[in-house]
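Read through the structure below, which is laid out as structure tokens, and then see the notes.
Computed from the coordinates by the stated procedures, all read-outs in this text should not be read as laboratory data. None of the values given here were measured: they were computed from a predicted structure. Here Cβ is always computed from backbone atoms with ideal geometry, including for glycine, and neighbour counts include all displayed protein chains.
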Amino acid sequence: MLTVVFDAYARRSFPQAIQGTDEPLPLFYDEVHPVITDEAKAGRVWKALEKKLSKDALSCLTVSYLSELPELDLHLFRYICKNIDSPVSLENNLADDDILFVTNTFRKVLYERLRMMQFIRFQKAADGTYFGIMEPQYNVLPLAIAHFKDRFADQPFVLYDKRRHYGYYYDQHEVTQVTFDESLPHFVTGKLDESLMADDEKLFQELWRTYFKAVCIRDRLNPRKQRKDMPVRYWKYLTEKNK
Amino acid sequence: MIHNDVTNLYSSAAMTEETLKKLKILTESAKYDVSCSSSGTVRSNTRGGLGNTVGGIGICHSFADDGRCISLLKTMLTNSCMYDCAYCINRRSNDIPRATFSVRELVELTIEFYRRNYIEGLFLSSGVVRNPDYTMERLVAVVKDLRTIHRFNGYIHLKSIPGASRELVNEAGKYADRMSVNIEIPNECSLKLLAPEKDFKSVYEPMAYIQQQTLASKEERKLFRHAPRFVPAGQSTQMIVGATPDHDRDILRLSSALYARPTMRRVYYSGYIHVNTYDTRLPMLKQPPLVRENRLYQADWLLRFYQFKVDEIVDDANPDLDLEIDPKLAWALRHPEVFPVDINKAPYELILRVPGIGVKSATLIVNSRRFNRINSSHLKKMGVVMKKAKYFITCGELMSPTVNELRPENVRRLLTPSTSKRRDDHQLQLPLFHD
Ligand code: SF4
């Protein structure tokens, strides 16, 4: 993306669309300029942005990018250009469509990160590793890993994003990126087979389900609120929602 | 009871089918306490320890079928109790299954739930057995074990037992993030009527201990950076709504006075649930007063984040909150002279008073208007509820008539949901007989 910006300024020609190389071209186009990511060009653009934007705005750019939304690209591109052209930072000008779109995307990605922190459930495997799997809407694993590493510093764990086919393994010292054979049953269902579980795992799952049921006040049933705060798309991997 | 065997960390010998039964009983008994979000502390993990707390409003890990956030393992040491508070399911005259956890069971449940990312920490209360100090001692043993033996850095909220001694309260506060003492009933006479063994002293004394110790520890930390923290997330309390004839005015005045104290962070409101149907001192409510409870929370937000004074929300002329419309809208309709507010010029405090504009959108407005004139389509994108706000603002081209042109009673009608059907079951229905 940063290379796209650099090329646009170098060529003094600003794009109407930005696409991945594998997407089909639109019906009408005048010119296609292939962009090859170039660290040096990107670095220069980033430096220029660092001078102008606050830290929050910079993280807004990088975080929103993890949404992987195709519509984002052009907005992001114009967000960057507008700020490069302007004498002051425009990051707070939410009346501007591009700034608003990027900022809203940034918020959505952060929200999905929170949901990962909320709804990941670990199952303890026989070898002591805690196994957690999810299908987040956006690519938030890189944003969430620091939280898990700090919180569960003394336990080995695997955090897996099944939608993007990768995860992280933490061995109580370091985090490494991993991919697994997803035809294994626990990657298909999200549930560790009893033969792979630690001795007490089944009991604690049972305890948690018991707790989940007992804590509900039946005079106040409110399934609508439950679904709003914990959308059904997350239920597949929730211990308390599965037997 | 306290086990010092650190190597035994992962053994689950304490956990059995019996624990399952206890957990069910003790959670059923604890669930009516609503004051249980985890919030306020930031503590990163220590080397080799387990857990951190993230600050802010804490993380909800699940939502029960009643829609409430599950953030903490909310349970009790025991639900046996020598007291007989009329509104409480655990009162001694109730014939319900009783159970008691061992310290070890509680510690292990907390740790194992935490490791699986089920919870942020523990919320622990207890019925009173033998005497307040005996009970408090065992609660302290649980939190001390968690922090010192297991190096647990997750969130801990401990309910102080009414009437517990200062020494034990001080000891508990070294390990807990938050402590609370529930007021339950906003008026001492009603409290004594319903909870003969309690009075305001048994509630306010521990509150005062907590406050004194918190402030003392803050002073100390100014001098010695590593002096221990004392309940870093402050204290909270809870009031039951709808069990007594007290007005919202009485409740909110008490809340406002409590918030003026330096360590009081949250007041929770719990719509009374008719758990002890046989007790004629209590009103017969077919349903818990959920709308009223919700309005009280809204009013509470106005006190804490919208710079409202309690007398602006309820006073002797309006002792109860309007159930049909929210308290901010109600205030605006009583004060049409303040409106319309010019979005492009008015100060932040005034923008915050507009119905339909929250803290977030008010901040966005003030930030963005330095760059452009704000119009109504911008407002929509910033999350302003235009359906409400349009009667109370001017902003460039916006053409809707204001509250003054339409008159408050008509705006009220336009903004009252037409399906305000079941209004009466939320009103207080007084019992027919007083004893
Ligand atoms: S002291 Fe607490 S547990 Fe005991 S009856 Fe009263 S409210 Fe219930």
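Look at the dipole of segment A:1-126 built from charges on Cβ: of A:Ala8, A:Leu72, A:Ile120, the Cα furthest out on the positive end belongs to A:Ile120. Restricting segment B:324-387 to trypsin sites (Lys or Arg not before Pro) that sit in a DSSP loop and have at most 13 other Cβ atoms within 10 Å of their own Cβ leaves B:Lys345, B:Arg370, B:Arg373. Distance between the pseudo-spin-label points of B:Asn372 and B:Cys189 (7 Å out from Cα toward the beta carbon): 6.0 nm.
One equal scatterer on each Cα of the protein assembly as shown, no solvent, Debye formula: the resulting log10 I(q)/I(0) at q = 0.05, 0.07, 0.08 Å⁻¹ is -0.29, -0.56, -0.74. Placing unit charges on the Cβ atoms of the charged side chains and taking the dipole of the protein assembly as shown about its Cα centre, the candidate lying farthest along the positive direction among B:Cys85, B:Tyr114, B:Ile251 is B:Ile251. Placing pseudo-labels 7 Å out from each Cα toward the beta carbon at B:Asp95 and B:Thr16 gives an inter-label distance of 2.8 nm.
Per-residue mean of foreign Cβ neighbours for A:86-99 is 4 (Cβ atoms of other chains, 10 Å radius). Can you give the FRET efficiency to the nearest 0.05 for A:Phe14 and B:Arg334, using r as the Cβ-Cβ distance and R₀ = 60 Å? Calculated value: 0.65. Show me the GluC sites (Glu not before Pro) within segment A:1-67 that DSSP assigns to loop and that have at most 11 other Cβ atoms within 10 Å of their Cβ. Sites meeting the loop and neighbour criteria: A:Glu31. Here the Karplus curve 6.51 cos²θ - 1.76 cosθ + 1.60, taken at θ = phi - 60°, turns the phi angles of segment B:304-317 into couplings of 8, 10, 10, 6, 8, 9, 4, 6, 7, 8, 9, 8, 5, 6 Hz, with x standing for Gly and Pro. Per-residue shielding of B:106-113, expressed as the average number of other chain Cβ atoms within 10 Å of the residue Cβ, stands at 2.
Segment B:87-155 and segment B:327-359 have Cα centres lying 46 Å from one another. Comparing B:Gln213, B:Gln238, B:Gln307 in a Gaussian network model of chain B where C-alpha atoms under 10 Å apart are linked, the largest mean-square fluctuation is found at B:Gln307.
Taking chymotrypsin sites (Phe, Trp or Tyr not before Pro) in DSSP loop conformation with at most 15 other Cβ atoms inside 10 Å as exposed sites, chain B has its longest uninterrupted site-free stretch at B:1-223.
If the label point is 7 Å along Cα→Cβ of A:Glu68, which residues in segment A:1-33 have backbone nitrogen under 20 Å from it? Hits in segment A:1-33 for A:Glu68 at 20 Å: A:1-2, A:18-24.
Note on A:Lys47 and B:Ser400: the model spin-label points, each 7 Å out from Cα along the C-beta direction, lie 5.1 nm apart. The Cα center of segment A:74-116 and the Cα center of segment A:183-216 differ in position by 41 Å.
Measuring nothing but alpha carbons in segment A:120-241 and taking Rh as the Kirkwood radius, the Rg to Rh ratio lands at 0.98.
The value of relative contact order for segment B:10-313, using C-alpha pairs under 8 Å at least six residues apart, is 16 percent.
Inter-chain Cβ neighbour count for B:64-77, averaged per residue, equals 6 (cutoff 10 Å, partner chain atoms only). In a reduced charge model with +1 at each Lys and Arg Cβ and -1 at each Asp and Glu Cβ, segment A:124-243 shows a dipole moment near 1120 debye about its Cα centre.
Shown here for segment B:185-233: trypsin sites (Lys or Arg not before Pro) in loop regions (DSSP other than H, G, I, E, B) with at most 11 other Cβ atoms within 10 Å, namely B:Arg225. A compact globular protein would have a Cα radius of gyration near 2.2 N^0.38 Å; the ratio found for segment B:263-311 is 1.48.
Under a Gaussian network description of chain A, with springs only between Cα atoms under 10 Å, the residue in A:Arg233, A:Arg163, A:Arg224 that fluctuates furthest is A:Arg224.
Highest GNM mean-square fluctuation among A:Ile145, A:Ile84, A:Ile217, for chain A modelled with Cα contacts below 10 Å: A:Ile217. A Förster distance of 41 Å, applied to the separation of the beta-carbon atoms of B:Arg407 and B:Lys309, puts the FRET efficiency at 0.95.
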